[in-house]
Amino acid sequence: GAGVSQSPRYKVAKRGQDVALRCDPISGHVSLFWYQQALGQGPEFLTYFQNEAQLDKSGLPSDRFFAERPEGSVSTLKIQRTQQEDSAVYLCASSLATAGNTGELFFGEGSRLTVL
Amino acid sequence: GESVGLHLPTLSVQEGDNSIINCAYSNSASDYFIWYKQESGKGPQFIIDIRSNMDKRQGQRVTVLLNKTVKHLSLQIAATQPGDSAVYFCAENSNYQLIWGAGTKLIIKP
């Protein structure tokens, strides 16, 4: 597709369940980011990939959060043993630029996670 | 610490008027700022950016002003249209991490 694609768009999980959120970045984009956006707030950085390398995961809230991008394209954000505070929109963004070089970020529409 | 914030959570303007959305930042070393527009249920969309070696940058119907002295950023939208209704975020580029403000919701009155 032409843009960043995320799936599922909506996910309802019971507390304690594991979830996996998928991101298909724009083809050829080197950089991939995951952000978490709580209701009424700005996005908060979670993690950054340059190709398949996870260069920064300092924003991941706990060790229940795990992200990967094994072939430098599609990325998956996994949340284990979900908690209610994990409820948020998870945004994926990609960029042609590499770390340290500013460039336009293209965002997907997000995956809205609700943990009951 | 580093932070980017907005002065007003909601801005209501008459259709056809100009809109001005403000943003303050605290890190004087920041050298790159971006404005994003986020419509309900969608991801943020890039509007315009500006580097710290510039005071002003213009796009189509939008202008960003940067005042480094007071660490203030503004987004001006000319002739505001119904399609401009959204939440507007300023973001500060810190390395490759974007640090975002809470956003300003722009409401267009008919």
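The values are calculated or read from the model by the stated rules, or taken from the named source; none is laboratory data. These numbers come from a predicted model, not from an experiment. No Cβ is skipped: glycine too gets one built from the backbone with ideal geometry, and neighbour counts run over all protein chains shown.
Summary of computed values
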{"quantity": "Every residue from segment A:76-115 that is farther than 25 Å from B:Glu39 by Cβ, modelled with pLDDT under 95 and not aliphatic (A, V, I, L, M)", "calculated": "A:Thr98, A:Gly100, A:Asn101"}
{"quantity": "Verdict on A:Ser75 being of a type in the set (S, T, N, Q), touching a Cys at 6+ places or on another chain (Cβ under 8 Å) and without any contact (Cβ under 8 Å) to a residue 60 or more places away in the chain", "calculated": "yes"}
{"quantity": "Some residue of segment B:53-63 being at pLDDT 95 or above, in contact with a helix residue (DSSP H, G or I) (Cβ under 7 Å, 6 or more places away or on another chain) and either surrounded by fewer than 19 Cβ atoms within 10 Å (Cβ to Cβ) or not in a loop (DSSP other than H, G, I, E, B) (or both)", "calculated": "no"}
{"quantity": "Residues satisfying the stated conditions in segment B:17-52, i.e. in contact with a Gly (Cβ under 8 Å, 6 or more places away or on another chain), farther than 30 Å from A:Pro8 by Cβ and not in a strand (DSSP E or B)", "calculated": "B:Ser26"}
{"quantity": "Among the candidates B:Ser85, B:Ser94, residue that is among the hydroxyl-bearing types (Ser, Thr, Tyr) and more than 13 Å from chain A (Cβ to nearest Cβ)", "calculated": "B:Ser85"}
{"quantity": "Strands (runs of 3 or more DSSP E) contained entirely in segment A:16-115, each with at least 1 residues that are within 14 Å of another protein chain (Cβ to nearest Cβ), surrounded by 15 or more Cβ atoms within 10 Å (Cβ to Cβ) and within 13 Å of the chain's Cα centre (by Cα)", "calculated": "A:19-24, A:31-37, A:44-50, A:53-56, A:88-95, A:111-115"}
{"quantity": "Per-region count, segment A:1-43, residues of a type in the set (D, E, K, R) and under 18 Å from B:Lys42 (Cα atoms)", "calculated": "4"}
{"quantity": "Search result, residues across segment B:64-106 that are modelled with pLDDT of 90 or more and surrounded by fewer than 14 Cβ atoms within 10 Å (Cβ to Cβ)", "calculated": "B:Asn67, B:Thr69, B:Val70, B:Ala79, B:Gln81, B:Pro82, B:Gly83"}
{"quantity": "Scan of segment A:2-15 for residues that are aliphatic (A, V, I, L, M) and in a strand (DSSP E or B), ordered by number", "calculated": "A:Val12, A:Ala13"}
{"quantity": "Residue in segment B:72-90 that is among the aromatic types (Phe, Trp, Tyr) and in contact (Cβ under 8 Å) with a residue 40 or more places away in the chain present", "calculated": "yes"}
